[in-house]
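Participant: Before we start, here is the structure in question, set down as structure tokens.
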Amino acid sequence: MDVFLTQYDWIKRTRESLFRYCETLPPSDYVKELDNFGGDSIRNLHSHVADCYRVWLGSRALGKSHQKIKPESINNVLEMREVFRKIDILVGEYLNEFKGKWDQTIPVSFHSGDSAEITALWLFTHTITHEFHHKGQIVKIGRQLGYIPPDTDLIEAF
């Protein structure tokens, strides 16, 4: 068993549960920006999560050039699913590239001019925990809009 492929499969299952929930919301609420969430919407957070995978795993680790994911270009959950379909392919490439080389360091530079050597395992861990952090925010936004979300914890992935 490839533990990281299995782990990412569980993540995709919980994401699917969240997508199914989001598909029950009116499209206007999916894109509704809430002031008490810094102007973010469910769509914006989904887009931000996808862009994190794109930047950290795609650009920084694999050296791939991908366009920034702009939330305003995504109008509904179906379009967001397509964004994540591409992210899933990217993550698959990443997992294949670094399989068995999780301690390999990757030089990373930041907009501030700082740089660091980050392991492949750290990058993968960062992106998946980042997604779960924002999944919680998405569920919270849904509650604030008056909807009852399903349990999207990993336990539901079985």
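The values are calculated or read from the model by the stated rules, or taken from the named source; none is laboratory data. All of these numbers come straight from a predicted model, not from anything done at the bench. For neighbour counting, all protein chains shown are included, and Cβ atoms are generated from backbone atoms with ideal geometry for every residue, glycine included.
Participant: Would you check which residues across the range 21-36 are without any contact (Cβ under 8 Å) to a residue 40 or more places away in the chain and part of a helix (DSSP H, G or I) and list them?
Facilitator: Going through the range 21-36, the residues without any contact (Cβ under 8 Å) to a residue 40 or more places away in the chain turn out to be 26, 28, 33, 35.
Those that are without any contact (Cβ under 8 Å) to a residue 40 or more places away in the chain and part of a helix (DSSP H, G or I): SER28, ASP35.
Participant: Still on this structure, please answer the following. From GLY58, GLY39, GLY100, grab the single residue that is of a type in the set (Gly, Ala, Ser) and in contact (Cβ under 8 Å) with a residue 24 or more places away in the chain.
Facilitator: Values: GLY39 fails: in contact (Cβ under 8 Å) with a residue 24 or more places away in the chain; GLY100 fails: in contact (Cβ under 8 Å) with a residue 24 or more places away in the chain.
The match here is GLY58.
Participant: Take the conditions in contact with a Ser or Thr (Cβ under 7 Å, 6 or more places away or on another chain), crowded, with 19+ Cβ neighbours inside 10 Å and assigned to a helix (DSSP H, G or I) and apply them to LEU57. Does it pass?
Facilitator: Values: in contact with a Ser or Thr (Cβ under 7 Å, 6 or more places away or on another chain): yes; crowded, with 19+ Cβ neighbours inside 10 Å: yes; assigned to a helix (DSSP H, G or I): yes.
Here the answer is yes, as LEU57 does meet what is asked.
Participant: Now a separate question. Out of all the residues in the range 104-114, is one or more surrounded by 11 or more Cβ atoms within 10 Å (Cβ to Cβ), at pLDDT 95 or above and among the polar types (S, T, N, Q)?
Facilitator: yes
Participant: Taking ASP2, is it of a type in the set (Asp, Glu) and more than 18 Å from ILE87 (Cβ to Cβ)? Break it down into steps so the answer makes sense when it comes.
Facilitator: Numbers: of a type in the set (Asp, Glu): yes; more than 18 Å from ILE87 (Cβ to Cβ): yes.
The answer is yes for ASP2.
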